[in-house]
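Structure record follows, encoded as structure tokens.
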């Protein structure tokens with residue numbers, strides 16, 4: 001009897017720890033429930049983690065009211081089988097997970113783990129100290145294993161006061177460090193609905209031709225990310241600090257500006273990304289333009305005149321910064337690109353500066369019209385910083401492609417155009433245009449776009465129509481979520497025999513090799529779903 005009881009507790013505890021890792025991962029991915037993101041994720045995905053362990057609660061209740069040792073042993077044995085089965089089922093489900101960002105064991109996560117250990121130990125400690133019944137302990141752990149995702153949320157609430165104290169300490173440290181580096185440090189803010197990371201990396205590569213430039217690493221574009229970068233990486237030798245600024249609600253960009261005080265700002269594009277959290281397209285527009293509103297009167301902002309939401313926005317600040325306009329379609333701009341040519345090796349284009357009749361040719365390894373816009377913004381600001389045309393040309397030529405953003409790789413007998421990182425309507429359209437420029441057979445592999453609010457279905461249908469214009473074959477990942485794309489394809493008379501539906505993107509590689517014909521084959525992988533998404 002004792003052996004069965006302790007074996008059950010051990011197995012249940014291992015199962016709880018296994019579930020906790022996934023729950024912590026989702027909490028981290030959802031910014032520790034900032035703007036209730038974790039709770040919203042739970043609400044959308046609760047069916048995926050209410051599993052066999054619920055039967056454990058049922059059998060634990062039966063055990064709780066059991067009157068004989070024989071039935072106790074029976075229910076304890078059944079519970080062991082339930083949690084072993086739950087563990088196996090959960091592990092099988094994890095095999096299909098495609099995590100591009102694994103759980104990072106930060107100090108904050110370690111503090112959460114410590115709090116969880118205390119919470120998980122309470123039933124056992126109470127049992128040892130007060131001699132509560134074993135059935136009480138079994139029921140407690142059965143309930144915990146069924147509600148792990150909520151227990152993680154509780155631990156996050158418990159730790160909140162401590163996290164706030166630590167947060168304020170690092171905030172003060174970052175602000176003091178930036179203040180001490182004034183006025184020698186040039187601080188640049190970059191925001192937009194799409195293209196922030198690419199634009200930041202492009203600008204950093206170009207400015208490093210002349211300056212010591214530091215950019216926030218990877219996609220660290222939150223308040224915490226900026227604080228970490230300033231406190232841990234910014235040094236007295238840096239001339240420029242480029243801060244990528246992300247936002248999910250109106251007011252967040254303004255808060256980031258108050259932290260780093262940018263004198264220069266670039267808006268990449270304004271679209272429908274995170275429409276759900278912003279609430280409206282107007283809120284997105286005003287939220288992104290908070291960066292330009294914040295700039296001092298001697299600052300410089302770079303805007304895209306081809307972007308309607310930037311062109312039509314009226315700056316509210318009376319003594320606003322100098323504005324540099326870029327464009328491709330628009331001619332009344334400070335820096336314009338034309339004669340854009342693209343192949344699998346990269347892109348070339350001519351640049352015209354205002355009041356300069358001469359055209360300057362630029363070459364880059366990057367692909368896509370949207371990347372030309374990002375480069376134009378960097379050229380405009382780089383020129384303002386005193387870089388010569390030759391230095392700008394050198395800088396653009398040495399810009400490195402960003403991983404998973406229209407990155408061309410030769411895989412076996414086909415070329416993969418990897419645009420898997422966070423697809424959006426503007427980037428997806430540009431990626432399809434890039435595919436259309438390739439000489440050979442063309443395949444699109446995609447699960448579609450998400451987090452587009454009420455417009456998600458409409459935009460994915462439009463995406464399907466765009467694909468139909470250039471692709472020979474299409475591989476859709478996920479039958480339900482790709483229905484709008486398929487509708488768009490069929491509406492454009494795309495042959496249904498050339499549409500393949502898979503449940504796992506990894507299966508697409510095998511299928512592509514089977515579809516390879518005599519011609520060169522280019523496969524565009526457009527978007528992979530974030531770790532927080534489940535169909």
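The values are calculated or read from the model by the stated rules, or taken from the named source; none is laboratory data. In this text the structure is predicted, and so the values were computed from the model without any measurement. Note: ideal-geometry Cβ built from the backbone for every residue, glycine included; neighbour counts use all protein chains shown.
Conditions (1) out of contact with any helix residue (DSSP H, G or I) (no Cβ under 8 Å at 6 or more places or on another chain); (2) surrounded by fewer than 18 Cβ atoms within 10 Å (Cβ to Cβ); (3) assigned by TED's automatic domain parsing to the domain that holds residue 506; (4) over 30 Å from residue 212 (Cβ atoms), marked per residue:
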| site | (1), (2), (3), (4) |
| --- | --- |
| 388 | yes, yes, no, no |
| 420 | yes, no, yes, yes |
| 427 | no, no, yes, yes |
| 430 | no, no, yes, yes |
| 449 | no, no, yes, yes |
Residues that are farther than 24 Å from residue 436 by Cβ and assigned by TED's automatic domain parsing to the domain that holds residue 427: which helices (runs of 4 or more DSSP H) entirely in region 270-362 hold 2 or more of them?
-> none
Mind counting the residues in region 265-286 that are within 25 Å of residue 328 (Cα to Cα) and surrounded by 22 or more Cβ atoms within 10 Å (Cβ to Cβ)?
-> 10
Flag if residue 206 is buried (at least 24 other Cβ atoms within 10 Å of the Cβ), outside the structural domain of residue 450 (by TED's automatic domain parsing) and either under 29 Å from residue 450 (Cα atoms) or out of contact with any helix residue (DSSP H, G or I) (no Cβ under 7 Å at 6 or more places or on another chain) (or both) | no
If residue 489 passes every condition in (1) part of a helix (DSSP H, G or I); (2) at pLDDT below 85 but one, which one does it miss?
-> (2)
Among what's in region 67-94 and is under 18 Å from residue 16 (Cα atoms) and modelled with pLDDT under 75, pick the residue that is surrounded by the fewest Cβ atoms within 10 Å (Cβ to Cβ).
-> 92
From 255, 251, 225, which residue is surrounded by fewer than 23 Cβ atoms within 10 Å (Cβ to Cβ) and at positive phi?
-> 251
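Taking the condition of being on the phi > 0 side of the Ramachandran plot and touching a strand residue (DSSP E or B) at 6+ places or on another chain (Cβ under 8 Å), how many residues in region 352-381 meet it?
Counting residues in region 352-381 that are on the phi > 0 side of the Ramachandran plot and touching a strand residue (DSSP E or B) at 6+ places or on another chain (Cβ under 8 Å) gives 1.
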Only one residue in 109, 129, 104 is in the same structural domain as residue 74 (by TED's automatic domain parsing), in contact with a helix residue (DSSP H, G or I) (Cβ under 8 Å, 6 or more places away or on another chain) and either exposed (fewer than 15 other Cβ atoms within 10 Å of the Cβ) or closer than 30 Å to residue 2 by Cβ (or both), so which one is that?
-> 104
Out of the residues in region 350-386 that are farther than 21 Å from residue 430 by Cα and in contact (Cβ under 8 Å) with a residue 60 or more places away in the chain, which is surrounded by the most Cβ atoms within 10 Å (Cβ to Cβ)?
-> 381
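Which members of region 468-489 meet the condition of being over 19 Å from residue 431 (Cα atoms) and touching a residue at least 24 places away in the same chain (Cβ under 8 Å)?
Those that are over 19 Å from residue 431 (Cα atoms) and touching a residue at least 24 places away in the same chain (Cβ under 8 Å): 478, 479, 480, 481, 487.
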Go through the residues of region 432-443 one by one and say whether even a single one is surrounded by 17 or more Cβ atoms within 10 Å (Cβ to Cβ) and out of contact with any strand residue (DSSP E or B) (no Cβ under 9 Å at 6 or more places or on another chain).
-> no
Can you find even one residue in region 39-50 that is modelled with pLDDT under 75, surrounded by fewer than 17 Cβ atoms within 10 Å (Cβ to Cβ) and either in a loop (DSSP other than H, G, I, E, B) or not assigned by TED's automatic domain parsing to the domain that holds residue 133 (or both)?
-> yes
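Let's see how each residue does on (1) touching a strand residue (DSSP E or B) at 6+ places or on another chain (Cβ under 8 Å); (2) crowded, with 21+ Cβ neighbours inside 10 Å; (3) at pLDDT 90 or above; (4) not assigned by TED's automatic domain parsing to the domain that holds residue 40:
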| residue | (1), (2), (3), (4) |
| --- | --- |
| 462 | no, no, yes, yes |
| 467 | yes, yes, yes, yes |
| 472 | yes, no, yes, yes |
| 475 | yes, yes, yes, yes |
| 482 | yes, yes, yes, yes |
| 485 | yes, yes, yes, yes |
| 501 | yes, no, yes, yes |
| 518 | no, no, no, yes |
| 533 | no, no, no, yes |
